[in-house]
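The structure appears below as structure tokens.
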Amino acid sequence: MTETLLSLSGISKQFDEKTVLDELSLTIDDGEFITLLGPSGCGKTTLLRMMAGFELPDKGTVTLSGVDITQTPPEKRPLNTVFQNYALFPHMSVFDNVAYGLKMEKRPKADIQERVEEALAMVQLEDFAKRKPHQLSGGQQQRVAIARAVVKRPKMLLLDEPLSALDYKLRRTMQVELKRLQRELGITFVFVTHDQEEALSMSDRIVVLKDGRIQQLGTPREVYERPANVFTARFVGQTNFFPGRVTSIEGERISVDVFGLNRDLSKPPFRVAMNQSLHVLLRPEDIRVLAPDDTEGVAGHIVERNYKGSTLDSVIELEDGSHVMASEFFDEDDPAFDYSIGERVRVSWVDGWEWLLAEEGDEPLTDEEELAADDAEH
Amino acid sequence: MMLSIKQQPFRAAVLVLVWGWLLFLVLAPNMLVVGASVMTRDPSTFISLPLNLDAYRQLFNPLYLEVFLHSLYMAAITTLICLLIGYPFAWALSRVDKRRQMLLIFLLIVPFWTNSLVRTYALKLILATNGLLNSALISLGVLDEPAQLLYTEGAVIVGLVYLLLPFMILPLYSVFEDLRQDVLLASHDLGAGRLATFKNIIVPLTLPGVLAGVMLVLLPAMGLFFVPDILGGSRNLLVGNVIKNQFLDARNWPFGAAASIVLTLTMALLMFAHRLSKRRLGEEDA
């Protein structure tokens, strides 16, 4: 039932001999909310600008509803953009800003009036029509930018980190509102962000990008629970990487040794051999912290505890020196639940919740990626 | 929250300095000019009582009105030429990379290190009958005999444009620098072509720079008396020549003062228009 609205195929782009997009192909379905997620410099903004027509690809084609628009200038594309810093016209009132696109279409005055009012009502700014952009708060300017972009009823709305300039609370409100708008308008949204939390909560599908290539394309759940590679696993959410070793392979089941524990797992979708090392991934919320006299798990002690309101996040150092992040919900039955630094515990996890990844020459995150991932956390 | 003067001695010192400067070096001299303009000409003491408006009445003498209008006309042509050259120049300047930008601005400012009088004489050497330009045109075969370039209205305008062009470019450069690229992209994104974007976005957003440039060119162009003195014939007078003549040659101080006040008021009018255009952009504090 889903139809392809926009497809990019074999897109390459270089700036000053630096490859920004590398033979990238992607199809976007009509009506979906798709997010381009990645650290700065991954090519997500360039990709969006290519859809808008602000950049031309060196190679490859952009097709909209079956029509090649690779060389079509932005003013002739039925897509509209919400810019990172809103890019409102400072010399025009809110009304004129929103009306601009319709005036360019030379629509009758009454028609413009009606549609601008409708668009402003949609973003709850009816009473601000006469104001100038500089008389509005950041959140209000953001709404004007959205109204201005949707008033032409584009086939697709391109949003370039539209919420990054807003404070945390306002950002959450706008996230909900954007989702509502998208449902009401039925327009395809292409959303660019470096905030993985934002991506997970808003998208139908997420495109994880790095170095101009797609690392993974999938639903938020797929990206979070079944990351395709080490980069995605590290960039989206926090992950414990445990060293594993294959000890037996029997049909569709394999056994993996992790910290001396033998785990029986289903065979991963990549080739495995006996004694091969691989990554065993566990999200902090999958970790169970047990009492020191428990028979299960691996022994260690608490080295860090962070009260997060709804969860208690801790870091446990195992006897081999490796660190494990754990995130536990508070238990209503045990209001005094807490750890002290140095407290001895055992670490375990729910059997079968492990995710296996092959080692890939083990690439650590670059500083920039680390920062971006950190940024996205808070 | 304001702190009292006592708590901020530095602030107080700065305020006194600024206000003192404005009072003694700006307001007082201007008041003296206003005073002189309403007094009577006196051969021995330059000015004397009684107070009257004769000087202003004299300004309406058709002869001076003609000089004023001709001067305004030459200044307007100069301003227009400066705008036509300066606008695309400033636009291009704001688009080149930062290092080249600094170099170009530096080149634009270098001539200021030489006295403008000296530079006007240099221009005279170029425009003279046997000057560089005529010789070049003749040896290129464009002309058979030297053309009369010097002592024409054209020569005066060339001189004025040459001296005043940087004053047009610099304020324009500053507004083009502030012109945000994403605002232009937004205009294209919403369906406006190049021409529509220029008309609806670029022109209104650079208008304060245009007005600032016009202010910095038009008024001085009416006052740079030495340019017609050196490059122009006897008929290409500027208001500045009239003022200079009244003070130095005719010894009619009230009339010279009245003429310069009219110039100042014209300037004030332009500044008012400039403020209005800025307020429309919501930058009244800029």
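What is region A:111-171 by shape, rounded, prolate or oblate, if you read a ≥ b ≥ c off the alpha carbon gyration tensor as root eigenvalues and call it rounded for a/c under 1.5, prolate for a/b larger than b/c, and oblate otherwise?
oblate
Please check: in the Gaussian network model of chain B (C-alpha springs, under 10 Å), which one of B:LEU93, B:LEU270, B:LEU63 has the largest mean-square fluctuation.
In the Gaussian network model the winner is B:LEU63.
Select from B:ALA250, B:ALA90, B:ALA75 the residue whose mean-square fluctuation is largest in a Gaussian network model of chain B (Cα-Cα springs shorter than 10 Å).
B:ALA250
Need one number: nm distance between label points at B:ILE109 and B:ARG251, each 7 Å from Cα along Cα→Cβ, rounded to one decimal.
4.5
Among B:GLU153, B:GLU145, B:GLU66, which one shows the biggest mean-square fluctuation in a GNM of chain B, springs joining Cα atoms closer than 10 Å?
B:GLU145
Of all the accessible heavy-atom surface of the protein assembly as shown, with the other protein chains kept in place and a 1.4 Å probe, what percent is carbon and sulfur?
On the way: 20320 of 34520 Å².
It is 59 percent, rounded to a whole number.
Note the angle between two axes, namely the Cα long axis of helix A:94-104 and the longest principal axis of the Cα atoms of chain A, as a number of degrees from 0 to 90, rounded to the nearest 10.
70
Report Rg/Rh for region B:131-286, rounded to two decimals, where Rg is the Cα radius of gyration and Rh the Kirkwood radius.
1.12
Using unit Cβ charges (K, R positive; D, E negative) and no other charged atoms, how large, in debye to the nearest 20, is the dipole of region A:232-279 about its Cα centre?
Using only the charged Cβ atoms, the result is roughly 160 debye.
Under the classification rounded if a/c is under 1.5, otherwise prolate if a/b is larger than b/c and oblate if not, where does region B:1-85 fall, given a ≥ b ≥ c as square roots of the Cα gyration tensor eigenvalues?
Working: a/c = 4.10, a/b = 1.48, b/c = 2.77.
Here region B:1-85 falls in the oblate category.
Kindly compute the accessible surface that chains A and B hide from a 1.4 Å probe when together, both sides summed, and give it to the nearest 100 Å².
The contact between B and A buries close to 1900 Å².
Rule-of-thumb check for chain B: C-alpha Rg over 2.2 N^0.38 Å?
In units of the 2.2 N^0.38 Å rule of thumb, it is 1.23.
Where Rh denotes the Kirkwood radius from the mean inverse Cα pair distance, what is Rg over Rh for the protein assembly as shown?
1.15
If you average 1/r across every pair of different Cα atoms in region B:140-224 and take the reciprocal, what Kirkwood value do you get, in Å?
The Cα-based Kirkwood calculation yields 15.7 Å.
Which whole-number percentage describes the relative contact order of chain B, with Cα contacts under 8 Å and a sequence gap of 6 or more?
26
What translational D, rounded to a whole number of µm²/s, comes out for region A:1-150 from Stokes-Einstein when the hydrodynamic radius is the Kirkwood one over Cα pairs, at 20 °C and 1.002 mPa s?
125
For region A:1-71, what is the charge dipole size about the Cα centre, in debye to the nearest 20, if Lys and Arg each add +1 at the Cβ and Asp and Glu each add -1 at the Cβ?
200
Show that you can apply the helix-only estimate: for the protein assembly as shown, add -39,500 (n - 2.57) for every DSSP H stretch of four or more residues, divide by all residues, and state [θ] at 222 nm to the nearest 500.
-13500 deg cm²/dmol
Comparing the chain by itself with all protein chains present, which residues of region A:63-77 are at least 20 Å² less accessible (probe 1.4 Å)?
A:PRO74, A:GLU75
What distance in nm separates the two pseudo spin-label positions at A:ARG344 and A:ARG245, each 7 Å out from Cα along the beta-carbon direction?
Label-label distance for A:ARG344 and A:ARG245, simple model: 2.6 nm.
Using alpha-carbon pairs under 8 Å, 6+ residues apart, how would you state the relative contact order of chain A in percent?
So the answer I get is 16 percent.
Nearest 10 degrees is fine. How inclined is helix A:367-377 to the longest principal axis of chain A, computing both from alpha carbons?
With rounding to tens, the tilt is 80 degrees.
With angles folded into 0 to 90 degrees, how steeply does helix A:168-185 sit against the dominant principal axis of chain A? Use alpha carbons for both and round to 10.
Between the helix axis and the principal axis of chain A, the angle is about 60 degrees.
If I require 24 Å or longer along the helix axis, counting alpha carbons, and a Kyte-Doolittle average no lower than 0.0, what helices from chain B are left? Use full DSSP H segments.
B:62-95, B:153-178, B:203-223, B:253-280
For region A:247-310 and region A:131-154, what is the separation of their Cα centres, given in Å?
49
Under a plain spin-label model, where a point goes 7 Å from the Cα along Cα-to-Cβ, how far apart in nm are B:ASN61 and B:LEU32?
The answer from the label model is 2.5 nm.
The values are calculated or read from the model by the stated rules, or taken from the named source; none is laboratory data. What you are looking at is a predicted structure, and each value in this text was computed from that prediction instead of being measured. Cβ sites come from the backbone with ideal geometry, for glycine too, and all protein chains shown count toward neighbours. Accessible surface areas use protein heavy atoms only, side chains included; no ligands, DNA or RNA. Shrake-Rupley method; radii C 1.70, N 1.55, O 1.52, S 1.80 Å.
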